[in-house]
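Undergrad: Here it is, the structure in full.
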Amino acid sequence: MNIRTVATAPFNDQKPGTSGLRKKVSVFQSPNYLENFVQAIFDTIAAPAGSTLVVGGDGRYYNREAIQIILRIAAANGFGKVLVGQGGILSTPAASCVIRKYRTFGGIILSASHNPGGPDGDFGIKYNTANGGPAPEKITDAIYARSKALDSYRIADAPGVALDQQGSFSLGGMAVEVIDPVADYAGLMESLFDFEAIRALLKGGFRMCFDAMHAVTGPYAKEIIEKRLGAPGGTVINGVPLPDFGQGHPDPNLTYAHELVEIMYGASAAAFGSAQAAPLSPLPERSRRQPDFGAASDGDGDRNMILGRHFFVNPSDSLAVIAANAALAPGYAKGLAGVARSMPTSGAADRVAAKLGIPCYETPTGWKFFGNLMDAGKVTLCGEESFGTGSDHVREKDGLWAVLFWLNILAKRGQSVEDIVHRHWAEYGRNFYSRHDYEGLPSDAANGLMAHLKSQFASLPGQRFGSYQVKLCDDFSYTDPIDASVSTGQGLRVIFEDGSRIVFRLSGTGTEGATLRIYLEAFEPDAAKQRRDAQEALAGLINIAHELSELKQRTGREQPTVIT
Ligand code: VG1
Ligand code: CO
């Protein structure tokens, strides 16, 4: 095999964010950009010669080209074998599953998740370790440091591998195995949930719709929901992964999954969710009677949105409902070791954990912080308010897993989605919750707003705003209970005497300007007051958030771009 060492100049902007390195496609296409980052990963992880790697992505534009480059660099860096999903496809949870099942050294996942794709869209790359989870900060920091010092990379001069055909191939002496991207994952799902009960539910007239948003979950959902569970053909919509996601924004929320929202809400959909809801098109034939259950997943298949008929399940509530009903699924019947949630996620899961007598951990935003807890056997379920739920079956959040968990619960309880959530609130109380995103802000304005908030922290405790009195404010910092690593600057918290909270954070996944996220939470124990609209219930906190942050003066915005 002919290996070339190519001289290169380091880039200074290859710092991984909340979930890997994400940039515009054009940035990744610029000479040596991808090559440098991949070499920085390989230099950092120092895999023994002959190690096996997993490579796959969400099918977005540049996925195939990037995989060919990565394969040639892997061959030149001494890897013995690479497992690649057919067509270059592996959803994020499926990649995690494959890394674990075949005990590989690690894996590279190509995705910018819910960010739009296409030549003008985003691309991303993320390294996962042998446990199947996103590399912890210790490693991503080291990759970044290496990327700033890199002066060459190694690449094999070899023709590309045909990715569309399963089988074993050779690339300059390194084995490349093109695998079925769905089979291992589907098998794992079948081992966790009561497929027979779900099959019976779907046979009995229960109707569902799954929106794959033209992204990676299409083939997975068709195999599992339509083929193995017997849902009628057409249950999965937008089920073919497209390089530009059909020019959509593959983010399963009320704003971007509007086709599903129209189906589930019918004509009243406009009243829900987004400040920017698209105008409704005439109802398609199939939505005359809305399905009982609706779900969507994101670009790389790790997020999920759960809907009932005319009903939205807040992701924080979804985690709590799954925790409370976990014993209904065979894979979780033996009980939960504990649960974990990201700091901005509502405390609904904490209440379930307290009742179950199990610990609940609060981590910074991003799935990489759950890995140590799961590896140590301290938690079984994890969740984030950003439509992410998962368990220790893999080390990534998992969209379809959450959908199947809900189907399992629905099959066993025989109640509607709405009923289950209402009963949950009546039992545990309701944590009213919402996140307001302000996208595309100038970075200076966003940083100034955060600094301004922080500057008030010393004087805020004790101050009253209407019925709310500030108890404490801080900049969230986390000490990992397993390896004692410390992560600072993870979000500004304003906590009130009654437990209500406002959290301010800047996104670490965007590629343009800054995105400010404002997370709002208020607890309502009184069942008679729980069925209000969340925005209405949180109106007081929203005003305080605007006042404290000088949002309008500093950004010129009054309305968020996305409300969830
Ligand atoms: C967002 C979410 C976070 C999630 C991350 C990756 O990060 O808030 O909860 O883990 O995306 O999800 P940020 O830094 O933009 O708030 V995914 O599905 O984009 O891999
Ligand atoms: Co994702």
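Undergrad: Mind running the shape call on segment 430-563? Use the C-alpha gyration tensor, a ≥ b ≥ c as the square roots of the eigenvalues: rounded below 1.5 for a/c, prolate if a/b tops b/c, oblate otherwise. All intermediate terms of the calculation are to be shown ahead of the outcome.
TA: Working: a/c = 1.45, a/b = 1.18, b/c = 1.23.
Rounded, since a/c falls under 1.5.
Undergrad: Quick one: length gained pulling Asp164 to Arg207 fully straight, 0.36 nm per residue minus the C-alpha distance?
TA: Working: separation 43, 0.36 × 43 = 15.48 nm, distance 3.37 nm.
Full extension of this stretch gives 12.1 nm more.
Undergrad: Dividing the Cα radius of gyration by the Kirkwood radius, what Rg/Rh value follows for segment 45-113?
TA: Working: Rg = 11.3 Å, Rh = 11.9 Å.
Reported Rg/Rh, Kirkwood definition of Rh: 0.95.
Undergrad: Something else now. Order 433-445, 34-46 from most to least packed using the mean count of other Cβ atoms within 10 Å.
TA: 34-46, 433-445
Undergrad: Projecting each Cα onto the charge dipole of the chain (Lys/Arg +1, Asp/Glu -1 at the beta carbon, about the Cα centre), which of Tyr332, Tyr33, Pro560 comes out farthest on the positive side?
TA: Tyr332
Undergrad: For segment 185-428, what D do you get in µm² per second when you plug the Kirkwood radius from alpha-carbon pairs into Stokes-Einstein at 10 °C and 1.306 mPa s?
TA: Values: Rh = 17.9 Å.
D, rounded to a whole number, is 89 µm²/s.
Undergrad: Mind giving me the FRET efficiency for Ala149 and Arg289? R0 is 41 Å, r the Cβ-Cβ distance, nearest 0.05 is fine. It would help to have the intermediate numbers written out before the result.
TA: Working: r = 61 Å, r/R0 = 1.50.
The formula returns an efficiency of 0.10 here.
Undergrad: Would you kindly work out the equivalent ellipsoid of segment 438-504 from its C-alpha gyration tensor and give its semi-axes, the square roots of five times the eigenvalues, largest first in whole Å?
TA: Values: eigenvalues 98, 79, 22 Å².
Working from the Cα gyration tensor, I get semi-axes of 22, 20, 10 Å.
Undergrad: I need the calculated FRET efficiency for the pair Val240 and Gln29, taking r as the beta carbon distance and R₀ as 30 Å, to the nearest 0.05.
TA: According to the calculation, E is roughly 0.75.
Undergrad: Assuming R0 = 35 Å, can you tell me the calculated FRET efficiency for the pair Asp526 and Gln559, based on Cβ-Cβ distance, to the nearest 0.05?
TA: 0.70
Undergrad: Right, next: How many nm separate the modelled label positions at Lys412 and Ala539, each set 7 Å beyond the Cα in the direction of the Cβ?
TA: Between Lys412 and Ala539, the label points sit 4.0 nm apart.
Undergrad: Then there's this: Please compute the contact order of segment 429-564 in relative form: average sequence separation of alpha-carbon pairs under 8 Å and at least six residues apart, divided by the residue count, as a percent.
TA: Working: 240 pairs, mean separation 50.6, N = 136.
Relative contact order here is 37 percent.
Undergrad: Mind listing the long-range amide H neighbours of Val562? Cut-off is under 5 Å, sequence gap 5 or more, other chains count too, H placed in the peptide plane at 1.01 Å from N.
TA: Residues meeting the criterion, in which the H sits 1.01 Å from N, are Asp437, Glu439.
Undergrad: Using only the Cα atoms of the chain, each taken as one equal point scatterer with no solvent, compute I(q) by the Debye sum, divide by I(0), and report log10 of the ratio at q = 0.09, 0.12 Å⁻¹.
TA: For the chain at q = 0.09, 0.12 Å⁻¹, log10 I(q)/I(0) is -0.65, -1.19.
Undergrad: Beyond 20 Å, what share of the Cα-Cα pairs of segment 504-564 remains, rounded to the nearest whole percent?
TA: Cα-Cα pairs in segment 504-564 separated by more than 20 Å: 36 percent.
Undergrad: Once the piece of chain linking Lys552 and Asp120 is laid out straight, how much longer is it, given 0.36 nm per residue of separation minus the C-alpha distance between them?
TA: Working: separation 432, 0.36 × 432 = 155.52 nm, distance 3.01 nm.
Full-extension gain reported as 152.5 nm.
Undergrad: Let me ask you something else. For the pairs Lys368/Lys552; Lys148/Lys368; Lys101/Lys126; Lys101/Lys334; Lys355/Lys471; Lys378/Lys454, note any where the Cα-Cα span goes beyond 30 Å.
TA: Details: Lys368/Lys552 34 Å; Lys148/Lys368 23 Å; Lys101/Lys126 19 Å; Lys101/Lys334 22 Å; Lys355/Lys471 26 Å; Lys378/Lys454 33 Å.
Distance filter (> 30 Å) returns Lys368/Lys552; Lys378/Lys454.
Undergrad: Packing-wise, with mean Cβ within 10 Å as the measure, how do 76-89, 51-64, 469-482 rank, highest first? Before the final figure, lay out each step's value.
TA: Numbers: 76-89: 22.5, 51-64: 25.6, 469-482: 15.2.
Descending packing order for the listed peptides: 51-64, 76-89, 469-482.
Undergrad: Next up: Quick one: if you stick a label point 7 Å off each Cα along the C-beta vector at Glu439 and Ser485, how many nm between them?
TA: 3.0 nm
Undergrad: Another question, if that's okay. Treating segment 2-181 as a set of equal point scatterers at the Cα positions, no solvent, please give the Debye-formula log₁₀ I(q)/I(0) at q = 0.20 Å⁻¹.
TA: -1.54
Each value in this text was obtained by applying a stated rule to the coordinates, not by laboratory testing. Only a predicted model underlies this, so the values are computations on that prediction, with no experimental measurement involved. So basically every Cβ, Gly included, is an ideal-geometry build from the backbone, and we count neighbours across all protein chains shown.
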